[in-house]
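Beneath this line is the structure, given in C-alpha coordinates, with notes to follow.
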Amino acid sequence: MIVTFSLKYRNYMRKIRGRQIEKVRTKLDHPSALKEKRPTDPNRFIKEERCTQEGEVAEHTLYSLDEDRIGQEEKYDGFYAVCTNLEDDAEEIAKINHQRWQIEECFRIMKHEFKARPAFLQRD
(Lines give C-alpha, C1' and ligand atoms only; values in the text may rest on other atoms or scores of the structure.)
Protein backbone atom coordinates (compact mmCIF):
# COMPACT_ATOMS: atom_id res chain seq x y z
CA MET A 1 0.00 0.00 0.00
CA ILE A 2 1.30 3.41 -0.94
CA VAL A 3 0.04 6.40 1.04
CA THR A 4 0.55 9.97 -0.12
CA PHE A 5 -0.35 13.28 1.49
CA SER A 6 -1.37 16.50 -0.23
CA LEU A 7 -2.18 19.82 1.41
CA LYS A 8 -4.30 20.74 -1.59
CA TYR A 9 -6.34 17.51 -1.24
CA ARG A 10 -6.67 18.09 2.53
CA ASN A 11 -8.06 21.57 1.98
CA TYR A 12 -10.42 20.23 -0.69
CA MET A 13 -11.76 17.54 1.66
CA ARG A 14 -12.24 20.06 4.47
CA LYS A 15 -14.12 22.39 2.14
CA ILE A 16 -16.49 19.59 1.07
CA ARG A 17 -17.06 18.47 4.67
CA GLY A 18 -17.72 22.07 5.72
CA ARG A 19 -20.49 22.37 3.13
CA GLN A 20 -21.94 19.03 4.25
CA ILE A 21 -21.95 20.12 7.90
CA GLU A 22 -23.80 23.30 6.95
CA LYS A 23 -26.43 21.17 5.15
CA VAL A 24 -26.76 18.99 8.24
CA ARG A 25 -27.28 21.99 10.49
CA THR A 26 -30.17 23.15 8.32
CA LYS A 27 -31.62 19.61 8.19
CA LEU A 28 -31.62 19.25 11.98
CA ASP A 29 -34.64 21.57 12.05
CA HIS A 30 -36.58 19.13 9.81
CA PRO A 31 -36.11 15.57 11.19
CA SER A 32 -38.31 13.98 8.50
CA ALA A 33 -35.51 14.52 5.95
CA LEU A 34 -32.95 12.53 7.97
CA LYS A 35 -33.80 8.95 7.04
CA GLU A 36 -31.00 8.03 4.58
CA LYS A 37 -27.37 7.59 5.63
CA ARG A 38 -25.11 6.67 2.72
CA PRO A 39 -21.29 6.80 3.08
CA THR A 40 -21.05 10.18 1.32
CA ASP A 41 -24.37 11.60 2.51
CA PRO A 42 -24.17 14.60 4.86
CA ASN A 43 -26.65 12.80 7.14
CA ARG A 44 -23.80 10.58 8.36
CA PHE A 45 -22.85 13.48 10.66
CA ILE A 46 -26.17 13.25 12.52
CA LYS A 47 -26.40 11.36 15.80
CA GLU A 48 -29.74 9.89 16.88
CA GLU A 49 -30.70 9.41 20.51
CA ARG A 50 -33.75 7.24 21.14
CA CYS A 51 -33.65 6.76 24.89
CA THR A 52 -33.79 8.91 27.99
CA GLN A 53 -30.95 9.38 30.48
CA GLU A 54 -32.55 6.68 32.65
CA GLY A 55 -32.23 4.19 29.76
CA GLU A 56 -35.93 4.05 28.90
CA VAL A 57 -37.11 4.13 25.31
CA ALA A 58 -38.09 7.69 24.41
CA GLU A 59 -41.19 8.66 22.50
CA HIS A 60 -39.30 11.16 20.37
CA THR A 61 -35.94 10.85 18.65
CA LEU A 62 -33.39 13.58 19.35
CA TYR A 63 -31.00 14.54 16.56
CA SER A 64 -27.68 16.31 17.05
CA LEU A 65 -24.41 16.93 15.22
CA ASP A 66 -21.97 14.02 15.67
CA GLU A 67 -18.71 15.79 16.52
CA ASP A 68 -16.89 12.47 17.07
CA ARG A 69 -17.64 11.32 13.52
CA ILE A 70 -16.44 14.64 12.11
CA GLY A 71 -13.20 14.35 14.11
CA GLN A 72 -12.64 10.78 12.88
CA GLU A 73 -12.93 11.85 9.25
CA GLU A 74 -10.71 14.92 9.72
CA LYS A 75 -7.80 12.68 10.77
CA TYR A 76 -7.52 11.34 7.23
CA ASP A 77 -7.82 14.62 5.33
CA GLY A 78 -5.14 14.94 2.68
CA PHE A 79 -4.15 11.27 2.63
CA TYR A 80 -4.61 9.14 -0.48
CA ALA A 81 -3.84 5.42 -0.44
CA VAL A 82 -3.21 3.10 -3.38
CA CYS A 83 -3.23 -0.63 -2.74
CA THR A 84 -1.49 -2.70 -5.40
CA ASN A 85 0.14 -6.06 -5.91
CA LEU A 86 2.88 -4.58 -8.12
CA GLU A 87 6.36 -4.90 -6.69
CA ASP A 88 7.83 -1.90 -8.50
CA ASP A 89 9.31 1.20 -6.95
CA ALA A 90 6.75 3.26 -4.99
CA GLU A 91 7.59 6.41 -6.96
CA GLU A 92 6.95 4.60 -10.26
CA ILE A 93 3.55 3.35 -9.08
CA ALA A 94 2.59 6.82 -7.84
CA LYS A 95 3.61 8.29 -11.22
CA ILE A 96 1.47 5.75 -13.09
CA ASN A 97 -1.49 6.39 -10.78
CA HIS A 98 -1.12 10.15 -11.35
CA GLN A 99 -1.61 9.56 -15.11
CA ARG A 100 -4.80 7.55 -14.53
CA TRP A 101 -6.93 10.60 -15.44
CA GLN A 102 -5.88 10.17 -19.09
CA ILE A 103 -7.31 6.64 -19.16
CA GLU A 104 -10.51 7.83 -17.51
CA GLU A 105 -10.82 10.64 -20.04
CA CYS A 106 -10.44 8.20 -22.95
CA PHE A 107 -13.25 6.03 -21.59
CA ARG A 108 -15.44 9.11 -21.06
CA ILE A 109 -14.91 10.20 -24.66
CA MET A 110 -15.70 6.72 -25.95
CA LYS A 111 -18.91 6.52 -23.94
CA HIS A 112 -20.26 9.99 -24.71
CA GLU A 113 -18.91 11.07 -28.06
CA PHE A 114 -18.55 7.84 -30.02
CA LYS A 115 -21.60 7.67 -32.29
CA ALA A 116 -22.27 4.10 -33.36
CA ARG A 117 -25.61 2.62 -34.16
CA PRO A 118 -26.54 -0.73 -32.65
CA ALA A 119 -25.40 -3.72 -34.71
CA PHE A 120 -27.77 -6.69 -34.72
CA LEU A 121 -26.15 -9.88 -35.92
CA GLN A 122 -27.83 -13.18 -36.57
CA ARG A 123 -26.48 -16.58 -37.55
CA ASP A 124 -28.42 -19.47 -39.01
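Is it the case that some residue within the range 19-36 is in contact with a Lys or Arg (Cβ under 9 Å, 6 or more places away or on another chain) and modelled with pLDDT under 75? The answer is yes, given that some residue of the range 19-36 is in contact with a Lys or Arg (Cβ under 9 Å, 6 or more places away or on another chain) and modelled with pLDDT under 75. When the residues of the range 80-114 are filtered to those that are in a helix (DSSP H, G or I) and of a type in the set (Asp, Glu), the one that is nearest to the chain's Cα centre (by Cα) is GLU104. Put simply, of ARG50, ARG10, ARG123 the only residue that is among the charged types (D, E, K, R) and at pLDDT 80 or above is ARG10.
State all residues of the range 80-90 that are closer than 23 Å to TYR12 by Cβ and exposed (fewer than 10 other Cβ atoms within 10 Å of the Cβ); if no residue qualifies, say none. ALA81, CYS83 - these are the residues of the range 80-90 that are closer than 23 Å to TYR12 by Cβ and exposed (fewer than 10 other Cβ atoms within 10 Å of the Cβ).
Taking the criterion of being surrounded by 11 or more Cβ atoms within 10 Å (Cβ to Cβ) and farther than 18 Å from GLU22 by Cα, the residues of the range 49-76 that qualify are GLU49, CYS51, THR52, ALA58, THR61, LEU62, TYR76. Contact annotation: residue pairs with Cβ atoms under 6 Å, 6 or more positions apart or on different chains, pairing a residue in the range 2-18 that is closer than 9 Å to ASP77 by Cβ with a partner that is not charged (D, E, K, R), are TYR9/GLY78; ARG10/GLY78.
The values are calculated or read from the model by the stated rules, or taken from the named source; none is laboratory data. Computed from a predicted model, the values in this text were never measured in an experiment. Cβ sites come from the backbone with ideal geometry, for glycine too, and all protein chains shown count toward neighbours.
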